[in-house]
1. Which one of Glu203, Glu211 is closer than 29 Å to Val59 by Cβ and either surrounded by 23 or more Cβ atoms within 10 Å (Cβ to Cβ) or in contact with a Leu (Cβ under 6 Å, 6 or more places away or on another chain) (or both)?
2. Would you mind telling me which numbered condition in (1) part of a loop (DSSP other than H, G, I, E, B); (2) more than 22 Å from the chain's Cα centre (by Cα); (3) more than 16 Å from the ligand (Cβ to nearest atom); (4) not aromatic (Phe, Trp, Tyr) Asp176 fails?
3. Tell me, yes or no, whether the stretch 188-201 has at least one residue that is of a type in the set (A, V, I, L, M, F, W, C), part of a loop (DSSP other than H, G, I, E, B) and more than 23 Å from Gly119 (Cβ to Cβ).
4. Quick test for you: out of Val118, Val172, pick the one residue that is within 20 Å of Arg326 (Cα to Cα) and either surrounded by 21 or more Cβ atoms within 10 Å (Cβ to Cβ) or touching a Phe, Trp or Tyr at 6+ places or on another chain (Cβ under 8 Å) (or both).
5. For the list (1) buried (at least 23 other Cβ atoms within 10 Å of the Cβ); (2) away from the ligand (no atom under 11 Å from the Cβ); (3) within 21 Å of the chain's Cα centre (by Cα), I need the number of the one condition that Ala44 fails.
6. Please go through the stretch 175-214 and pick out each residue that is farther than 21 Å from Ser417 by Cβ and in contact with a Phe, Trp or Tyr (Cβ under 7 Å, 6 or more places away or on another chain).
7. Which residues, counting only those in the stretch 29-83, are at pLDDT 95 or above, among the aliphatic types (A, V, I, L, M) and closer than 15 Å to Gly423 by Cα?
Amino acid sequence: MLTKNNIIKDLKTILPRENVLTELEERYAYSQDATNLPDIKNLADAVVFVETIQEVQNVVRLARKYKTPVICRGAGTNVVGACAAEHGGIILNFSRMNKILELNRQNMTARVQPGVVVGVLQQMAENVGLYYPPDPSNLAVSTMGGSIAQSSGGARTFKYGSTKDYIIDLKVVMADGEILQTGANTIKNATGYNLSSLFVGSEGTLGIVVEATVKLIPKPEDKRVLMAYFDKIEDSVAAVDSIIEQRVFPTTIDFMDQNAIQTVEKFYPSNLLTDKEAALVIEVDGFKNAVEYQSEIIKSILHSANASAIQCSTNEEEYNKIWTARRSSMGACAKLKPNVTTDDVIVPRENLAKLVIGIREICEKYNLAVCMVGHVGDGSVHPQIPIDYRDTDEYHRFKLAKSEIYDLTARLDGILSGEHGIGSLKRDYIHLVVNNTALDYMRTIKKTFDPDNILNPYKIF
Ligand SMILES: Cc1cc2nc3c(=O)[nH]c(=O)nc-3n(C[C@H](O)[C@H](O)[C@H](O)COP(=O)(O)OP(=O)(O)OC[C@H]3O[C@@H](n4cnc5c(N)ncnc54)[C@H](O)[C@@H]3O)c2cc1C
């Protein structure tokens, strides 16, 4: 108690007092994230809003002095308990470090603070004819710091890659308060180890990103989205292969099963065809004539692949309507029960059908509802399971189902996370897909970067 009081007293000397929150309600609100973990036992000791790099350094040095955890927080929308303050400590809130410091058209780069919202960066880039492709479905709120730390992806990963492919330089406050620059403002860099890649996906456990330089690309001239419906789920998955085999390169190939379609339509009516077993959401982009050409090829492939109906956007309103429907799936699913969980298991595409069907069977076996969506072009599936954590029997069945889903994923040569991360939620399962040698190296890296284990401790493994 004495230590906690001292930490708070010291925090109030290094930061403006109004930027240090210590009330019970405030600590409670910031000790959870979108994962809504049911068994949180500890709260953060304090929540601080940082506004400068110097302030971040000062907080880290203080945390080191008291050997207390520092947990970064962007928008708190990760779904793996990566922001959970399991061992107390200081929540470092980046919502006020939210400036785009430079948008350089000549270099085609942007330099941003960690609290910049992904969707804002995308919009600002598009305003000058450039494009930042990574697009987690909640890009309207999630931040650059959070998406770097979780190596976020999104629907466009199929064509453009994920966050990791756009980071060229990071400024990172290390566990001793010193600043590390990981790369350079150049498109290529073969100068020593690729340190940036160590921080992307490290969930705030190795260092604190205080500035990032990202690569941008030219904004595609045009885009269009098609929604293709199928009467059999197997046909929808087979259609993914047919599209890829024809060597057309859509921006996205996303998936919704019938439960997801019906749930979205129930809560966010969007004219979706609720009698269909599954749908693919396929976007193409590029020069106007190329978009037209690709759409026609894809339509003809879809017809041959037994699509029973195809909706195609003809203007921006229709485009947004289809995407809003797809992106609303988790929000809609959350309305079915007090809580909702999601996942992001991923397998080599050749095993996708087995994964989709297998997850369905596992949920049926445990009598759990599931709305399945996913970026199936990449082989990734998001089973969204509505649940009432207060129902201990349901929670028990849910845990058994999860464990079987991870076993199945491992048997299908997959991995546990394609884009959400591991956090605290999946750390007990990481050994299923990462071998002991690799885990030992990860632990050694953690120890080297953070010998006192103060940076988001005990996450990932
Ligand atoms: C409805 C919904 C849809 C989603 N769809 C997708 C999707 O399609 N694709 C996808 O990839 N993800 C998706 N996600 C997950 C989520 O968008 C990502 O994990 C997101 O990028 C997290 O951003 P955030 O700002 O909320 O980070 P937070 O949740 O605040 O933090 C995430 C992690 O980053 C660390 N962190 C935050 N800032 C920093 C920093 N400056 N330095 C170091 N570490 C830091 C935190 O400590 C934590 O470990 C979805 C989530 C929801 C709720």
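The values are calculated or read from the model by the stated rules, or taken from the named source; none is laboratory data. Computed from a predicted model, the values in this text were never measured in an experiment. Every residue, glycine among them, receives a Cβ derived from its backbone with ideal geometry; neighbour counts consider all protein chains shown.
1. Result: Glu203 is the single residue among Glu203, Glu211 that is closer than 29 Å to Val59 by Cβ and either surrounded by 23 or more Cβ atoms within 10 Å (Cβ to Cβ) or in contact with a Leu (Cβ under 6 Å, 6 or more places away or on another chain) (or both).
2. (3)
3. yes
4. On inspection, the qualifying residue turns out to be Val118.
5. (3)
6. Selection gives Ala175, Thr182, Val214.
7. Within the stretch 29-83, Val70, Ile71, Val79, Val80, Ala82 meet the criteria.
Every residue, every condition in (1) in contact with a Phe, Trp or Tyr (Cβ under 9 Å, 6 or more places away or on another chain); (2) surrounded by fewer than 22 Cβ atoms within 10 Å (Cβ to Cβ), yes or no:
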residue	(1), (2)
Ile297	no, yes
Ile346	no, no
Ile357	no, yes
Ile362	no, yes
Tyr366	yes, yes
